[in-house]
Amino acid sequence: MISKESIQGGPVPKHVAVIMDGNGRWARQRGLSRVLGHRNGVQAVRETLEAASEAGVSYLTLYAFSTENWNRPAEEVSALMSLLVQTIDKETDTLMQHGIRLLTVGGIEALPAEARNALIALREKTSVNTGPTLILALNYSGKWDITQAARRLAGDVRSGVLDVADIDEQCFAGYLSTQGIPDPELMIRTSGECRLSNFLLWQLAYAEFYFTPVLWPDFRKEHFFEAIADFQHRERRFGRIDAQIS
Ligand code: IPE
Ligand code: IPE
Ligand code: MG
């Protein structure tokens, strides 16, 4: 079992992104409804946030609801939205105590009013905090993010604020919803699925990927530390050869 101590001394990613997957299968294995799978996933969120903070990770992005997830049965979508509101209500004090700042990425204006308002209020309340940043990806997809960036960038070119010749990677990244946030160096996906499911397409260009069969409701602090330990053994070459990496 990997503990916090075993990752001390090694490099810790500044930003970790997580695709929280497997709630439905966890529930099915127990003969429970999918919604109960989601409810039991909340403890994994708490532990991941705690573990990230203990490890010294500054940014944690959690994929909580994708643009494609609107295609799920309406009862499941509405249960997920209620769970979001309930969890915000319950956890606000803890976030404040730990100095955690909340940000969101994704089109939250399309969420039901209750969820949207709870998120906006929590974002505002936690904006004074100086501890780790928790980023919730909601109604998010990577293609949406790149498309909305292109649309806003084109608008700025048309209005003369931006010169076409000044568009480079850094400029483009400034239009993404993750503007100002360093790219994740590690992406974790639970439940054994090995795909991106339209998560942070641009931002994960050079991330290390870590896939674990553990289902999200079973994900605990030690699983997070295990992922960090695995990351510490990767050689990040960025196109160079191994002799160039000290
Ligand atoms: C992840 O678990 C939660 C969300 C996508 C909101 P799933 O609900 O996708 O669980 P599986 O993949 O059906 O097991
Ligand atoms: C990805 O999980 C989205 C979230 C975790 C919010 P899904 O379970 O929706 O992805 P697919 O459908 O297996 O690709
Ligand atoms: Mg899934």
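The values are calculated or read from the model by the stated rules, or taken from the named source; none is laboratory data. Predicted, not measured: the structure shown is a model, and the values here were computed from it. In this analysis, Cβ positions are derived from the backbone assuming ideal geometry, glycine residues included, and neighbour counts consider all displayed protein chains. All accessible areas refer to the heavy atoms of the entire protein, side chains included, with ligands and DNA or RNA removed. Shrake-Rupley method; radii C 1.70, N 1.55, O 1.52, S 1.80 Å.
Could you let me know the centre-to-centre spacing of the range 14-37 and the range 124-187, using Cα atoms, in angstrom? Here the answer is 28 Å between Cα centres. Gain on full extension, evaluated as 0.36 nm per residue between L201 and W70 minus their Cα-Cα distance, stands at 45.2 nm. Restricting the trypsin sites (Lys or Arg not before Pro) of the range 1-100 to loop positions (DSSP other than H, G, I, E, B) with no more than 16 neighbouring Cβ atoms within 10 Å leaves K4, K14, R30.
Entry note, the range 1-123: relative contact order of 24 percent, from Cα contacts under 8 Å with a spacing of 6+ residues.
Using Cα centres only, tell me the gap between the range 62-104 and the range 194-234 in whole Å. Each part's Cα centre sits 20 Å from the other's. Each Cα pair under 8 Å and six or more residues apart adds its separation to the average, and for the chain the resulting relative contact order is 30 percent.
What's the carbon and sulfur percent of the chain's accessible surface, probe 1.4 angstrom, rounded to a whole number? The nonpolar share, carbon plus sulfur, comes to 50 percent. Compute the Cα gyration tensor for the range 63-102, then decide on rounded, prolate or oblate, letting a ≥ b ≥ c be the square roots of its eigenvalues: rounded whenever a/c is under 1.5, prolate when a/b is larger than b/c in the other cases, and oblate in all that remain. Because a/c hits 1.5 or more and a/b fails to exceed b/c, the range 63-102 counts as oblate.
Per residue, the chain exposes 51 Å² of accessible surface when a 1.4 Å probe is rolled over the protein heavy atoms with every protein chain present. Excluding same-chain neighbours fewer than eight residues apart, the aspartates and glutamates reachable from K125 by a Cα-Cα span under 15 Å are D89, E91, D93. Name the shape class, rounded, prolate or oblate, that the alpha-carbon gyration tensor gives for the range 97-246, where a ≥ b ≥ c are the square roots of its eigenvalues, rounded holds for a/c under 1.5, and otherwise prolate holds if a/b is larger than b/c and oblate otherwise. Oblate shape, in that a/c is at least 1.5 and b/c is the bigger or equal ratio. Over 23 Å apart at the Cα level, from the set K90/K221; K4/K90; K143/K221, are K4/K90; K143/K221. Using a Gaussian network model of the chain in which every pair of alpha carbons under 10 angstrom is joined by a spring, one finds that among L32, L204, L84 the greatest mean-square fluctuation is at L32. Sparse packing (at most 11 other Cβ atoms within 10 Å of the Cβ) combined with a DSSP loop state is found for the following trypsin sites (Lys or Arg not before Pro) in the range 136-235: R195. Relative contact order (percent) for the range 126-246, with alpha-carbon contacts under 8 angstrom and 6 or more residues of separation? 22 percent.
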